[in-house]
Amino acid sequence: MPPDGKMDRRYQVFVSSTFTDLKDERREVMQALLEMDCLPAGMEMFPAADDDQWTLIQGQIDESDYYVVIVGGRYGSTTPEGISYTEKEYDYAVETGVPVLGFVHSSPNDSPRGKSELDTVAIEKLDAFRAKVKTRLVKPYSNPAELGSVVSRSLMRAMKSSPREGWVRGRFAMAPETRAEIAELRAALSDQKRAAAEEAAHPAAVALNPDYEQGSDKVAIELSISWYFGGHREAEYTLAYTWDSLIELLGPLMIDEASEQSLRRTLAQDMIDSAKREHSELAGRPNLEIDVKDSSWGQVIVQLRALGAIATSTKSHGVTNKTIYWSLTPAGDQHLMKLRATRRQVAV
């Protein structure tokens, strides 16, 4: 261990951009990351674009501590869905909560031929993607050398404001605090096994708790919306849901298990679709950032737990995975079937 007693950490940084037009920029960024003792990751490490490649990329982004996106003058090759691989990587990083550092060329229209888009559709998609990236804090750059310097400074600030887990050498990995954490995890696993044995001996209730609001009882849920249109705009909307409608919406995702982020995102998307139908000022508005407010989401989770409809998943996801996963309980599963399953019509 170093003399100061702190473990020497290395941070993995995923670098995302189009490739052929930004080779020099990527080279400068990679060099800057190596000089900072970071572990760069990016498309250079992967085979040609296909489904297997996307699985690898997702894994690399999941394992990265920070995500850097560089936007130049080209939109790049697209997926079968019509979105560029760079934008798909960016959306995934935002979705999974990896700290994102954006860098946008200050004069993209001055890019030489071969480094800028000529196709009208690609230009429109690039403009929309650039606007999406700019809804977060970004830094401009004008040439490769400047970009390397800007990335270094921005990453140093991110390490202070959003410290991440990083990687450590194997001989430092079993520090006293790590051993204590492993002991706690083993104790928690033992408790889970004991609880599972007790549940097997005494099956859980197969009906929702009647002491709490449920069924057609309604709850008001607040949605936070922000977008960039001549400046940063924000708005909040409140929609009413019944508890049964929430179980119908979220329950199928938890038949096995679902991360809390994916459940919250599903509810937010359902709410924005409803809000767009009810509020004309949202219709056709691109690049909306949506999120269920913390207080409302907490109310939903607490109520579904109180009803006995959901519980935290007991599946193992590794020590470093801090994501919360939820699953239906037997009572929640049975209630979902009552709501969603279609009975066979018997001819009279």
Query raised in the report: List, please: which pairs have Cβ atoms under 9 Å, are six or more places apart or on different chains, and start with a residue in the range 84-105 that is not assigned by TED's automatic domain parsing to the domain that holds R153 and end with one that is assigned to a helix (DSSP H, G or I)?
Result: none
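For residues that are basic (K, R) and modelled with pLDDT of 90 or more, scanning just the range 266-314, find the one that is nearest to R130 (Cα to Cα).
Result: K293.
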Requested in this report: Please find, within the range 56-90, the residue that is nearest to S152 (Cα to Cα) out of those that are of a type in the set (S, T, N, Q) and in a loop (DSSP other than H, G, I, E, B).
Outcome: S64
Query raised in the report: Quick check: is even one residue across the range 222-229 at pLDDT below 90, at negative phi and not in a strand (DSSP E or B)?
Result: yes
Report task. Can you work out which of the residues in the range 118-164 that are in a loop (DSSP other than H, G, I, E, B) and more than 19 Å from the chain's Cα centre (by Cα) is modelled with the lowest pLDDT? Result -> L118
Report summary line: Checked the range 240-270 for anything touching an Asp or Glu at 6+ places or on another chain (Cβ under 9 Å) and under 16 Å from Y92 (Cα atoms); matches are Q261, S262, R264, R265
Query - Sole exception among (1) more than 17 Å from A131 (Cα to Cα); (2) part of a helix (DSSP H, G or I); (3) modelled with pLDDT of 95 or more for V94, by number - result: (1)
Query raised in the report: Can G332 be described as in contact with a Leu (Cβ under 7 Å, 6 or more places away or on another chain) and under 30 Å from A187 (Cα atoms)?
Result: no
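Results for (1) touching a strand residue (DSSP E or B) at 6+ places or on another chain (Cβ under 8 Å); (2) farther than 18 Å from V168 by Cβ; (3) modelled with pLDDT under 90, shown as yes or no for each residue.
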{"residue": "R9", "(1), (2), (3)": "yes, no, yes"}
{"residue": "S16", "(1), (2), (3)": "yes, yes, no"}
{"residue": "A32", "(1), (2), (3)": "no, yes, no"}
{"residue": "A48", "(1), (2), (3)": "no, yes, yes"}
{"residue": "L56", "(1), (2), (3)": "no, yes, yes"}
{"residue": "I61", "(1), (2), (3)": "yes, yes, no"}
{"residue": "D65", "(1), (2), (3)": "yes, no, no"}
{"residue": "Y75", "(1), (2), (3)": "yes, yes, no"}
{"residue": "G82", "(1), (2), (3)": "no, yes, no"}
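The values are calculated or read from the model by the stated rules, or taken from the named source; none is laboratory data. This is a predicted model, so every value here is computed, not measured. A quick note on method: Cβ atoms are made from the backbone with ideal geometry, for glycine too, and the neighbour counts reach across all protein chains shown.
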